[in-house]
Each structure stands twice: as C-alpha cells, then as structure tokens.
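In what follows, a structure is listed as structure tokens, so that the remarks can point back to it.
The values are calculated or read from the model by the stated rules, or taken from the named source; none is laboratory data. Computed from a prediction, not measured in an experiment: that's the story for all the values here. No Cβ is skipped: glycine too gets one built from the backbone with ideal geometry, and neighbour counts run over all protein chains shown. Ligands, DNA and RNA are stripped out before the accessible areas are found, and what is left, the full protein with its side chains, is counted by its heavy atoms. Shrake-Rupley method; radii C 1.70, N 1.55, O 1.52, S 1.80 Å.
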Amino acid sequence: MAYSDKVIQHYEKPNNVGNFGTTAEVKQRKDVGVGIVGAPECGDVMQLQIKVDDQGNIEDARFKCFGCGSAIASSSLATEWLKGRTVDEGLEIKNTQIVEELSLPPVKIHCSVLAEDAIRAAIADYKKKNGIEN
Amino acid sequence: MTLKLPIYMDHAATTPCDPRVVEAMLPYFTEKFGNPGSRNHSFGWEGEDAVDNARRQVASLIGADRKEIIFTSGSTESNNIAIKGAANMYQKAGPGEGKPRGHIITEIIEHKAVLDPCKRLEKEGFDVTYLEPGPDGVITRAMVEGAMRDDTILVTIMWANNEIGVISEIPEIGALCHEKNVVFHTDATQWVGKAPTDVNTDNIDLLSMSGHKIYGPKGVGALYVRRRRPRIRLVALQEGGGQERGFRSGTLNVTGIVGLGKACELCAAEMDSERDRLLALRKKIEDKVVSELDVVQVNGHPERRMPHLTNISFGFVEGESLMMATKEIAMSSGSACTSASLEPSYVLKGLGVGDDLAHSSLRISLGRWTTEEEVDYAANKIVEAVRKLRDLSPLYDMHQEGIDVSKIEWQAH
Ligand SMILES: Cc1ncc(COP(=O)(O)O)c(C=O)c1O
Ligand code: FES
C-alpha cells in the first residue's frame, strides 16, 4: 500500500506520543480525559488523553496507538488539532477533515473514524469526571 | 561494506532467476526457437532435445523417471491437474447418482491452489475432509489415518508450508496411502530443490513444483505423475494437441522448460551447502529477535521447518505498521497473495495463533544470495521497529501494567 507523504511524516515522527500517567493514575485525575477505542474492522486500538485547564481549554493531548500507519498518523494529527481548543471545539474535529489532510484512501477511512471516536470518548470522559452535561 | 537497500527476504514468494539459468535459456528465444512438436525438421528436433534434457534434469532432482514429468505453467496448474484429474478418474460414483463421488483428504493450511480445487470438487459432489494440524502445523500419518474412509480416493498434503515452512510427515503419509490404495498428491513447491526428494522412497504418486521458487523462471513448473506401481491416470483438464502424454495439451514453453531444467540441476548440486548456510542465517535472525524482545513467538514446529523460512509473531504491535517500519526489507506479512488485504493469515489462524498475534507476524524467507550482513541488518531493524511501535502501543503499556489485554472490552462507537 502506498502512503501519502503526510502519513509517512506523522508515522516517522509522531507528535505527542505518551500519556499523563498509568491507567490507574489517569482514572483518578479530573483534569484528564481518556478515550480508548477499538476499530472493529481490524482490531486496532487507539488511546487518546486530553489535559484540560480550569477554563475548559485543552492544554495538552497525548496518544498511543496500536494500529496501521494511517491510524498512527490520524491520532498524531488529532492531538495536534486538539491542543488550544476548548473542549467543545474539540468535538468539531471530523474524520472527514483528517481524511482530507492526510489524503487517506477509502480502505483507510475507518482509521480516521477511530481518531474521531477517540476524541469524542476522551472529551466524554472528561465531562463525566467533572459532572458536565452535554 | 555497504548494503544495498531494499533487501529481498521474500524468497518463498518468488526467487530471482539464477544468471546461469538465464544463460541456458537465451538461445531458445532466438536461434533454437523450434517447436518440439515439429517432427520433420532440425528446428523441431533441437527443441525436442532441449525439452528432453530438461525433463531428465527435473526427474533427476526428485528421483523420478523422465517419462513421469509433465511440464505445466507452475504449481497452481500442477495442483489443479493432479487434484481434479485424479478425483474425476478415481471417482466411486458419477455425478448425479445421489451419493458422494468419493472422499478426499487435505488440510486447512494448504495453499489456495489446493484448497480452491478441493472446494470446487466439493461443489461437484465429492466429500472433502480438511485436517487441522495442531499448533506446530505438522500433519502426521496418524491424522490422515484417522480421517481415512472406505471411499477415500485421494490425499493431498503439502510437503512444506509456504507461510511457516513447517514440514509434514510426507513419506509416512505416502506409505499409508499406498497400503490403502489411495492416490497421494503433495504440493512440494516450497520443498523441492531445497531438500532431498525421492518420489519412490518418499511414496509419492503426484507432486507439484514450480520454477520461480527455485531460481528458475516464472510461469513454468512441473507435475510428477507416477507411471509404475501404481500407474496413476488422470482426466485431463485442457484438451488439444495431446502434448505431455495428453495430460496437458499446448505447445511447450521451451525457454521456460530449459530454465526449469537448469534450475533443478543447480539445486541438486548446491542443495547441501545451501541448506546449512541458510539454516545458520535463519537461526541468527530468530536468536536475535527472541533474545532481545519479549512477547515474540516463532510460529510452527521448532525443528520440522525449512531452513530458509521463518515466521515470527510480535505481541502488541500491528502488522501493517510493522511492515511500514521495516520497509527497507522486503518481507511478507501473512502470505504474498493475501497481504494486500487486512485479514490476518488463515494459516496462522489455522494453527490456533490468536488474531492479535496473527495480525502482527512477519514471514522472512532467505535465498541463494542472502548475505550475513543483510541478515544482521534485518534482525537489528526488526528489533528496532518492534521497540518503536511498542513505545507507541497502548496495549504494550497495559501489558506492562499487568492488565490482561485480551479481557478488555473496548468501547465501540
Ligand atoms: C505451496 C505453494 N503452492 C502453490 C503455489 C503457486 O505456485 P505458482 O505461482 O507457480 O502457480 C505457491 C506459490 O505461491 C506455493 O507456495
Ligand atoms: S486502523 Fe485499522 S487499518 Fe488502520
């Protein structure tokens, strides 16, 4: 499979790899939202964490991904786009924007869906921890 | 010493042609172009001599008589002629008689070029048993014996598997078939030319082989058809000019056949030294990877495996990104014909390898010109790639935190 240059760039130098603590630690942290989602199509797994300040701005984001090059690139891009947005603005990121930015082929669309799902899951987790209604 | 990249480590998919093979073929494109079927002039005789010579070279590699060699376009065709041809010849009942036409035994990890003809025969009224090997991938005589029925007419078991290199109990299964008067076919594509073969002492009736796996050209292969004790008959698939004793009509591919013959001669001469060299190189890769990484598994039987081929699964990394991280090394994940899709390998699944590990496996297959430098480079690169991807892998983190990843229920969307 041929990858676009952007996918290769992200894949070779992914941005914001990591987490804000162990699974047990981040569960306790109210300023961190965690999303772990799996892609039923291929069994790939993405973990996205956001760190939110008092104003509801996403000040940092980290990811880890067990998945193909496109999934790694999608999550790397997602963390980049999340930083500096408010939590609600984060929800505006759509998988179609990721597809376009990375020039993903049709068989790789679900990899971008995985990233969108991870964003939603992380934000939902943050809101739930902080008692924020949707 | 500078390495030339990319490095080719996919010799189970195909091999380069040996330059000595190409040299032998060249005159037959231009000066010696005659049709071996032309009986009336020297051009035809020249072609016929060349084909005869190649037939002798192929026969000699497998301990056969030259009259027992049928030239084909490769193993896919050899398998089709052998399996469909034998089933239709030895059927116990005709189509539409309302009972099974006969029973065939094969296994679930065969190449598609065996499985699909078997499925076709199933549709046409034959019963087929698909044996399941254990986790080591070996089909034993006892397994075949357990599946034998009164109406069994054909057993087809591959000699060495193309994805994991595991070697089944071929001479033993052949002996069983001969005791029971059942025709025995083996797809020996990955075996012949790399290990000693004698169709008589190994009890083979039908054997498929292909030129492009043994440093010969693509699009040419052979089928061995036993002529004595017992004489095997086949219903031909392709009809026409009656070439190849009527088993395979069509003007012979003289250049390809000359190349196949030469390739067989070279394999016979170099087999022993090549085997030791490749085995040492394969072990070097396996030892390096297994000693430097955790959660890795070399698939298939620890000893009953081909010297040039290894299949290794890596936990907590995903197969496609692993290929991407090791792109300077041409390897295959799963089998060559299916790695374009995202499906985990049916062969590894057939051994009971879990989806997680089957998804992240590499098949590395070495060849005549693989060097030790290349092997060292590849082994280091693989270790480095797996480490990099595990740094990225949420599953590896969880594994290290002691969480059982297989028990997690993922949030679906
Ligand atoms: C075990 C086995 N059988 C059959 C084949 C098909 O051979 P060919 O490409 O010569 O038709 C291959 C090669 O892909 C193989 O490895
Ligand atoms: S995430 Fe499944 S193939 Fe990319």
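Looking only at the stretch B:316-341, count how many residues are at pLDDT 85 or above, hydroxyl-bearing (Ser, Thr, Tyr) and within 16 Å of ligand 1 (Cβ to nearest atom).
Number satisfying all stated conditions: 1.
State all residues of the stretch B:302-322 that are within 22 Å of residue B:271 (Cβ to Cβ) and open to solvent by 40 Å² or more (accessible area, probe 1.4 Å); if no residue qualifies, say none.
Once the filter is applied, which keeps residues that are within 22 Å of residue B:271 (Cβ to Cβ) and open to solvent by 40 Å² or more (accessible area, probe 1.4 Å), the stretch B:302-322 yields B:303, B:304.
Residue B:386: at pLDDT 95 or above and within 13 Å of chain A (Cβ to nearest Cβ), yes or no?
Yes, satisfied.
Taking the stretch A:57-72 as the search range and keeping residues that are within 10 Å of the chain's Cα centre (by Cα) and more than 10 Å from chain B (Cβ to nearest Cβ), which one is surrounded by the fewest Cβ atoms within 10 Å (Cβ to Cβ)?
A:62
If residue B:19 meets every condition in (1) under 28 Å from residue B:163 (Cα atoms); (2) surrounded by 14 or more Cβ atoms within 10 Å (Cβ to Cβ) apart from one, which number is that one?
(2)
Is it the case that the stretch A:105-113 has a residue that's small (Gly, Ala, Ser) and either part of a helix (DSSP H, G or I) or away from every other protein chain (no Cβ under 14 Å) (or both)? If you could, list the steps in order and put the result at the bottom.
Pass one, the stretch A:105-113, residues small (Gly, Ala, Ser): A:112.
Narrowing further to those that are either part of a helix (DSSP H, G or I) or away from every other protein chain (no Cβ under 14 Å) (or both): A:112.
Within the stretch A:105-113, one or more residues are small (Gly, Ala, Ser) and either part of a helix (DSSP H, G or I) or away from every other protein chain (no Cβ under 14 Å) (or both).
Out of the stretch B:183-204, which residues are more than 16 Å from ligand 1 (Cβ to nearest atom) and either buried (at least 24 other Cβ atoms within 10 Å of the Cβ) or assigned to a helix (DSSP H, G or I) (or both)?
B:183, B:184 - these are the residues of the stretch B:183-204 that are more than 16 Å from ligand 1 (Cβ to nearest atom) and either buried (at least 24 other Cβ atoms within 10 Å of the Cβ) or assigned to a helix (DSSP H, G or I) (or both).
Determine if the stretch A:99-111 includes at least one residue that is of a type in the set (A, V, I, L, M, F, W, C), at pLDDT 95 or above and more than 25 Å from residue B:333 (Cβ to Cβ).
No: zero hits.
Return the only residue of A:48, A:82 being away from every other protein chain (no Cβ under 14 Å) and within 15 Å of the chain's Cα centre (by Cα).
Being away from every other protein chain (no Cβ under 14 Å) and within 15 Å of the chain's Cα centre (by Cα) holds for just one of A:48, A:82, which is A:82.
Scan A:54, A:5 and give me the residue that is farther than 30 Å from residue B:354 by Cβ and more than 14 Å from chain B (Cβ to nearest Cβ).
A:54
State whether one or more residues within the stretch B:68-91 are surrounded by fewer than 23 Cβ atoms within 10 Å (Cβ to Cβ) and over 30 Å from residue B:158 (Cβ atoms).
No; the residues of the stretch B:68-91 include none that is surrounded by fewer than 23 Cβ atoms within 10 Å (Cβ to Cβ) and over 30 Å from residue B:158 (Cβ atoms).
Identify, from the list B:114, B:144, B:138, the residue that is open to solvent by less than 30 Å² (accessible area, probe 1.4 Å), part of a helix (DSSP H, G or I), in contact (Cβ under 8 Å) with a residue 40 or more places away in the chain and of a type in the set (Val, Ile, Thr).
Being open to solvent by less than 30 Å² (accessible area, probe 1.4 Å), part of a helix (DSSP H, G or I), in contact (Cβ under 8 Å) with a residue 40 or more places away in the chain and of a type in the set (Val, Ile, Thr) holds for just one of B:114, B:144, B:138, which is B:114.
Look through the stretch A:7-33, keep the residues that are assigned to a loop (DSSP other than H, G, I, E, B) and under 13 Å from the mean Cα position of the chain (by Cα), and return whichever of them is farthest from residue A:124 (Cα to Cα).
Taking the stretch A:7-33 as the starting set, the residues that turn out to be assigned to a loop (DSSP other than H, G, I, E, B) are A:13-16, A:18-22, A:29-31.
Keeping just the survivors that are under 13 Å from the mean Cα position of the chain (by Cα) gives A:14-16, A:18-19.
Details: A:14: 25, A:15: 23, A:16: 20, A:18: 20, A:19: 17 Å.
Here the residue is A:14.
Restricting attention to the stretch B:389-410, and to residues there that are more than 16 Å from residue B:313 (Cα to Cα) and not in a helix (DSSP H, G or I), which single residue is nearest to the other protein chains (Cβ to nearest Cβ)?
Looking at the filtered set, the residue picked out is B:410.
Quick one: residue A:81 ticks every box in (1) farther than 23 Å from residue A:9 by Cβ; (2) surrounded by fewer than 24 Cβ atoms within 10 Å (Cβ to Cβ) bar one, so which box is it?
(1)
From B:169, B:239, grab the single residue that is more than 20 Å from residue B:263 (Cβ to Cβ), open to solvent by 20 Å² or more (accessible area, probe 1.4 Å) and modelled with pLDDT of 95 or more.
B:169
Could you run through the stretch A:23-44 and say how many residues are farther than 17 Å from residue A:69 by Cα, at the interface with chain B (Cβ under 8 Å from one of its Cβ atoms) and in contact with a helix residue (DSSP H, G or I) (Cβ under 8 Å, 6 or more places away or on another chain)?
3
Of all residues being surrounded by fewer than 24 Cβ atoms within 10 Å (Cβ to Cβ) and among the acidic types (Asp, Glu) in the stretch A:19-56, which is nearest to ligand 2 (Cβ to nearest atom)? Just the residue, please.
My answer is A:41.
Can we say residue B:133 is without any contact (Cβ under 8 Å) to a residue 40 or more places away in the chain and within 16 Å of ligand 1 (Cβ to nearest atom)?
It is false that residue B:133 is without any contact (Cβ under 8 Å) to a residue 40 or more places away in the chain and within 16 Å of ligand 1 (Cβ to nearest atom).
Cβ contacts < 9 Å: first residue away from ligand 1 (no atom under 16 Å from the Cβ), restricted to the stretch B:157-178; second residue open to solvent by less than 10 Å² (accessible area, probe 1.4 Å) and modelled with pLDDT under 95, any location; separation 6+ or different chain. Result?
From the stretch B:157-178, no pairs qualify.
Tell me which residues, restricted to the stretch A:10-41, are in contact with a Pro (Cβ under 9 Å, 6 or more places away or on another chain) and in contact (Cβ under 8 Å) with a residue 60 or more places away in the chain.
Correct list: A:36 only.
Given the criterion open to solvent by 10 Å² or more (accessible area, probe 1.4 Å) and small (Gly, Ala, Ser), identify the matching residue among B:34, B:44, B:63.
Unique residue meeting the criteria: B:63.
Could you check how many residues of the stretch B:361-388 are in contact (Cβ under 8 Å) with a residue 60 or more places away in the chain and assigned to a helix (DSSP H, G or I)? If you could, list the steps in order and put the result at the bottom.
The initial filter retains those residues of the stretch B:361-388 that are in contact (Cβ under 8 Å) with a residue 60 or more places away in the chain, namely B:361, B:363-370, B:372-380, B:382-383, B:385-388.
After this cut, where a residue has to be assigned to a helix (DSSP H, G or I) as well, the list is B:372-380, B:382-383, B:385-388.
Final tally of qualifying residues: 15.
May I ask you to verify whether residue A:77 is more than 12 Å from every other protein chain (Cβ to nearest Cβ), aliphatic (A, V, I, L, M) and farther than 16 Å from residue A:119 by Cα?
So residue A:77 does not fit the description; no.
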